[in-house]
Each structure stands twice: as structure tokens, then as C-alpha cells.
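Have a look at the structure below, then the notes.
The numbers here are math on the coordinates, done by the rules we state, and not lab data. Source: prediction; values computed, not measured. Reconstructed Cβ throughout: ideal geometry from the backbone, glycine too, with neighbour counts over all protein chains shown.
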Amino acid sequence: MSKTPPPRTDLALALLRCKWKDAEAQLLGPPTDRAVLEAIVRVYESNTKELRDIVDEIGWPGRSLVGEEAANAAFLIAQHSDADRVFQRRARDLVAQAAEVGEATHQQMAYLIDRCCLNSRPRRPQVYGTQYIPGRGGLLLYAVEDAQRLDARRAAIGLEPYAEYDARIRGGLALFGGESAT
């Protein structure tokens with residue numbers, strides 16, 4: 001049985017092209033290499049512009065409009081929109097609204113909330129414990145507000161317990177030859 005294409009296949013294809021460019025950029029090498037980092041940033045900025053144009057035209061590109069995969073791509077682009085913090089905060093708010101009506105996930109909302117905390121000036125502690133920062137010897141969990149209630153907040157929106165998430169993140173780093181986070 002064939003799947004019905006989303007109403008806005010043009011936007012879906014544009015978002016998926018951005019996702020593919022993002023994935024290709026990740027394969028260029030370690031972001032510790034200046035040339036690689038600059039190439040990744042150029043891709044992120046180009047993708048941010050594409051998503052901003054789409055959002056200006058139609059609002060948040062949710063599941064029913066662009067399909068599941070393209071809606072996930074829109075989230076990824078917003079997550080990587082660090083160079084445009086104003087747009088990233090706008091995307092966070094739109095994703096939160098979209099999550100309330102099933103057009104995005106609450107997990108996506110959590111990642112964007114935390115990323116915006118990390119990118120705020122001054123920085124604010126994150127809420128859901130999804131973001132890491134580089135530190136001596138590997139990655140460090142970025143500061144978390146009310147750490148004693150972290151797992152309760154994560155569970156309330158369907159995220160796995162922090163210890164499981166942390167093990168998965170650190171295991172992925174080891175799998176790809178990254179530094180140990182401990």
C-alpha cells in the first residue's frame with residue numbers, strides 16, 4: 001500500500017535536502033578542525049535561512065503539512081540554528097505550540113528549550129538535560145536547573161531517564177572514536 005504524500009511536498013523536499021546537507025557536513029571530519037567547523041557552520045546558516053523562509057511563509061512545518069520525516073528535519077535545522085538565536089527561540093516557541101496539537105513531539109520541544117538555554121546570554125540552566133558542552137577530557141552535561149527533579153521532568157514528556165541517555169550519548173562517542181566524556 002502506498003503512502004499518501006504530504007500536502008506540501010515542495011516544502012518537504014526542501015527540508016529533506018537541508019537534512020541531507022547537515023548529515024553530509026557531519027561526515028567532513030571532526031569539528032575541532034577549523035576548516036571543517038567553518039564548512040559545518042556554513043551549512044547550518046544556509047539551512048537556517050531555508051527554514052526561516054518556510055516558517056515566515058506557513059508557520060511551523062508540522063507532520064500533517066510536510067510529513068513525519070520532513071517535520072523531523074525541520075526540528076534538526078532549528079536545533080542547529082545556533083548562529084541565529086532569535087530565530088532559534090522563535091522555533092522553540094512554534095515547536096512547543098505544534099507539540100500541543102500533535103504536529104511536533106514534546107521531546108523535540110525539550111531539546112529546543114535546552115538548546116535555547118545554552119545559547120541564551122547570559123546562559124540559563126537547561127531544563128531537560130539534553131545538552132552537553134566540551135570540557136577537559138570530553139563532554140560535560142551543561143548545567144541543569146533543579147537536578148533532583150530532572151528525571152521526573154524527562155519522564156513527563158516521554159524522555160528516557162538521564163542515566164540511560166547519558167550512557168547512550170557517551171557510548172555513541174566511543175563508537176565514533178570520540179573522546180571519553182568521563
Long-range share for the stretch 132-175, i.e. C-alpha pairs more than 12 Å apart as a percent of all pairs, stands at 67 percent
Expressed as a whole-number percentage, the relative contact order of the chain with C-alpha contacts under 8 angstrom and at least six residues apart is 14 percent
For the stretch 101-106, Karplus-derived ³J(HN,Hα) couplings (6.51, -1.76, 1.60; θ = phi - 60°; whole Hz; x for glycine and proline) come out as 10, x, 8, 8, 9, 5
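Would you calculate a helix-derived [θ] at 222 nm for the chain, using -39,500 (n - 2.57) for each DSSP H run of n ≥ 4 and dividing by the full residue count, to the nearest 500? Could you put the intermediate results ahead of the total?
Numbers: 8 runs with 110 residues, N = 182.
-19500 deg cm²/dmol, from helical runs alone.
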Across 96, 163, 147, the residue with the highest GNM fluctuation in the chain (Cα network, 10 Å cutoff) is 163
Under the rule rounded for a/c under 1.5, else prolate if a/b exceeds b/c, else oblate, using alpha carbon gyration tensor axes a ≥ b ≥ c, the stretch 38-92 is classed as prolate
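At a Förster radius of 45 Å, what calculated FRET efficiency corresponds to the Cβ-Cβ distance of residue 146 and residue 17, to the nearest 0.05?
Values: r = 40 Å, r/R0 = 0.89.
Once the sixth-power term is evaluated, E becomes 0.65.
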Note, the stretch 75-86: 3J(HN,Hα) by Karplus (6.51, -1.76, 1.60, θ = phi - 60°), whole Hz, Gly/Pro = x, goes 4, 4, 4, 4, 4, 9, 8, 4, 6, 10, 5, 5
